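What follows is calculated from the coordinates using simple rules that are stated; it is not laboratory data. Please read all numbers here as calculations on a predicted model, not as lab measurements. Cβ coordinates were reconstructed from backbone atoms using ideal geometry, including for glycine residues, and neighbour counts include every protein chain displayed.
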Amino acid sequence: MFAFDTPRKPRRPSLTPMIDVVFLLLVFFMLAARFGADAGLTLSIGAGSGNEWQGPPRLVSVTVDGLLLNGVAQTPETLIAALDDLTDSRADPVVLRAEGGADVQALVDALALLSTAGFTGLLVAE
C-alpha cells in the first residue's frame, strides 16, 4: 500500500457561523416581539336596550376635514365641551358616524378621544 501523504488530524468544525446565526435570530425576535399589552377600545356589540332616546340629538360625524357635532364643525376640545352641554351624564348615548370618505383610523381616533374623556355610551352607525 502506498502512502502519498502523511495522514492529517481531522479538523473540528467551526462553531462561529452557527453562533452568528443564533445571534441574528435572537436580535430578530427581540425586535419583532411585542412587549406590554395592546391598547384597545371596548365596544359593546348588539342591539340597544330598547328604551326610547332621551335628550337632544348627539350625532358626531367624522369627516375628512374633521369632526362635526349635529352638523356643526368642532375641534376635539370643543366637541367634548359641547357634548357635556348636551348630556346629563357621560353614560348617555353618543352616535358616531363616518362620512364623506373618512377612513377607519379617523373614526377610531374619535372613539378614543371620547372614551378617554369618559363617555361610555358610544354607538357606531353606518
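Does A102 satisfy being of a type outside the set (D, E), closer than 19 Å to D65 by Cβ and part of a loop (DSSP other than H, G, I, E, B)?
Against the criterion (of a type outside the set (D, E), closer than 19 Å to D65 by Cβ and part of a loop (DSSP other than H, G, I, E, B)), A102 qualifies.
Taking the conditions exactly as written (touching a residue at least 12 places away in the same chain (Cβ under 8 Å) and hydrophobic (A, V, I, L, M, F, W, C)), does L86 satisfy them or not?
It is true that L86 is touching a residue at least 12 places away in the same chain (Cβ under 8 Å) and hydrophobic (A, V, I, L, M, F, W, C).
Yes or no: the range 49-57 includes at least one residue that is at negative phi and surrounded by 14 or more Cβ atoms within 10 Å (Cβ to Cβ).
Scanning the range 49-57 turns up no residue that is at negative phi and surrounded by 14 or more Cβ atoms within 10 Å (Cβ to Cβ).
What number of residues in the range 69-92 are within 22 Å of the chain's Cα centre (by Cα) and surrounded by 16 or more Cβ atoms within 10 Å (Cβ to Cβ)?
Count: 2.
Look at L122 and say whether it is part of a strand (DSSP E or B), touching a residue at least 12 places away in the same chain (Cβ under 8 Å), closer than 16 Å to D65 by Cα and under 18 Å from the mean Cα position of the chain (by Cα). Before you say what the answer is, go through the steps one by one.
Values: part of a strand (DSSP E or B): yes; touching a residue at least 12 places away in the same chain (Cβ under 8 Å): yes; closer than 16 Å to D65 by Cα: no; under 18 Å from the mean Cα position of the chain (by Cα): yes.
Taking the combined requirement at face value, the residue does not satisfy it.
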